[in-house]
Amino acid sequence: MNIRPFVADDAPAVAALISAEEERFYGRPGRLTGADILMYLHWSKETWVWEDDGRVVASASYGVHGQAGNIRGIVADKGRGLGTEIVERGEAFARTEGVQKIHAGAPEPDAAARALFEAHGYREVRRFYEMAIELTEEPTEPVLPAGLVVDELRDDEYKAFYEALNESFAEHWEWHPMPFAEWLELRQGQHRDERGPVWFVARDGDQLAAVTRNDADVAGGGYVGAIGVRPAWRGKGLAKALLQRTFAEFWRRGTTRVTLDVDSQNATGAVALYERVGMHVDTCGVAFEKALE
């Protein structure tokens with residue numbers, strides 16, 4: 001067994017491991033691509049792969065978010081102790097980083113992963129849904145109260161977008177915004193592509209009342225990376241309007257599948273809203289937590 005740092009050329013192999021696991025748990029082919037893996041790894045500080053005779057059989061990423069270390073791993077060859085090694089390496093990484101706790105995740109149907117985490121002192125703390133919609137007809141135009149309009153983000157509005165998004169998510173579980181300069185370096189230029197806008201806002205005069213950050217191609221479809229309404233503007237249908245505008249843009253591009261991830265215990269009623277606009281729960285992931293002594 002060869003353990004080495006992840007390189008970009010490993011991304012398709014790691015995506016294939018995850019896709020195979022999705023097919024095993026959900027009875028359908030997985031949709032992740034190598035490009036998706038590289039996008040998701042922006043948060044990690046260390047990523048490793050385990051090779052057996054040149055074949056990638058496991059991978060793990062370790063990072064820090066707020067005061068928590070994060071472990072994300074995938075194992076193809078079960079029963080060889082690789083899962084245990086991934087967890088133990090992750091805990092060693094977290095202690096080196098000086099964090100107070102560790103978060104790890106697994107698909108809800110993965111009983112072996114649950115048993116592994118619980119045997120190492122982790123407990124379930126949250127569930128997250130991936131919700132999806134398959135668009136079958138052109139989405140309806142959003143209707144908003146007088147004075148409110150849905151629009152694309154302008155080139156000079158990154159700071160206002162960043163502030164509106166963070167205000168919207170301030171009470172979200174484990175929300176720890178990165179400094180603006182880092183966020184801008186990561187996100188600048190993503191608000192539109194060669195085909196048009198992909199980020200949208202709801203305006204009330206010169207205020208951004210609500211925002212959505214979308215990606216045009218994630219896991220074979222459109223992706224709503226974040227959607228938030230500032231507290232003073234909640235209850236006005238802004239999140240629904242932004243979703244309708246997002247769906248309309250993806251429909252215009254010929255993209256009919258749109259997904260997003262949501263905390264199942266979201267206090268603003270997000271899950272019910274997404275169901276009202278036609279989305280359904282496609283998969284469920286479980287977050288586990290362990291305090292470090």
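So which trypsin sites (Lys or Arg not before Pro) in the range 160-203 are both in a DSSP loop and have at most 12 other Cβ atoms within 10 Å of their Cβ? Please list the in-between numbers first.
Values: sites: R187, R192, R195, R203; in loops: R195.
Qualifying residues, ordered by number: R195.
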Provide the convex hull volume over Cα atoms per residue for the range 133-223, in Å³. 144 Å³
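Quick check: residue separation of V281 and V125 times 0.36 nm, minus the Cα distance between them. What number comes out in nm?
Full-extension gain reported as 54.3 nm.
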List the residues of the range 39-72 whose backbone N lies under 16 Å from a point placed 7 Å from the Cα of E97 along the Cα-to-Cβ direction. 40-48, 60-72
Expressed in nanometres to one decimal, the distance between label points 7 Å along Cα→Cβ at T256 and D77 is 4.1 nm
Of all accessible surface on the range 1-134 at a 1.4 Å probe, what whole percent is carbon and sulfur? 50 percent
Zone reached by a paramagnetic label modelled 7 Å from D52 Cα along Cα→Cβ, restricted to the range 1-31 with backbone N below 15 Å, covers 1-3, 17
Going by amide H atoms built from the backbone, whose H comes under 5 Å of the H on V64, apart from near neighbours? K45, N70
What spacing in nm lies between the two simple spin-label points modelled at A181 and H42, each 7 Å away from Cα in the Cβ direction? 1.8 nm
Option label - Cα extents along the principal axes in Å computed here, alternatives [x] 77, 43, 35; [y] 62, 40, 32; [z] 116, 38, 34: [y]
For the range 129-183, the dipole about the Cα centre with charges only on Cβ (Lys and Arg +1, Asp and Glu -1), to the nearest 20 debye, works out at 220 debye
Please identify every one of the GluC sites (Glu not before Pro) in the range 110-216 that sits in a loop by DSSP and has no more than 13 other beta carbons within 10 Å of its own beta carbon. E137, E171, E194
Per residue accessible area of the chain, 1.4 Å probe, in Å²: 49 Å²
Picking from A94, G196, F128, whose Cα lies most toward the positive end of the charge dipole for the chain (charges on Cβ: Lys, Arg +1; Asp, Glu -1)? F128
Rounded to the nearest 10 Å², what accessible area does R257 show when all protein chains are kept and the probe is 1.4 Å? 30 Å²
Mind grabbing the base-10 log of I(q)/I(0) for the range 153-280 at q = 0.22 Å⁻¹? Debye formula, identical points on the C-alpha positions, no solvent, two decimal places. -1.56
Heavy-atom accessible area of the range 148-293 with neighbours in place, 1.4 angstrom probe: carbon+sulfur share in percent works out to 46 percent
Quickly work out the A291-to-E108 label distance, labels modelled 7 Å from Cα along the C-beta direction, and quote it in nm with one decimal. 2.8 nm
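The values are calculated or read from the model by the stated rules, or taken from the named source; none is laboratory data. This is a predicted model, so every value here is computed, not measured. Note: ideal-geometry Cβ built from the backbone for every residue, glycine included; neighbour counts use all protein chains shown. Side chains are part of the model used for accessible areas, which takes the heavy atoms of the whole protein and leaves out ligands, DNA and RNA. Shrake-Rupley method; radii C 1.70, N 1.55, O 1.52, S 1.80 Å.
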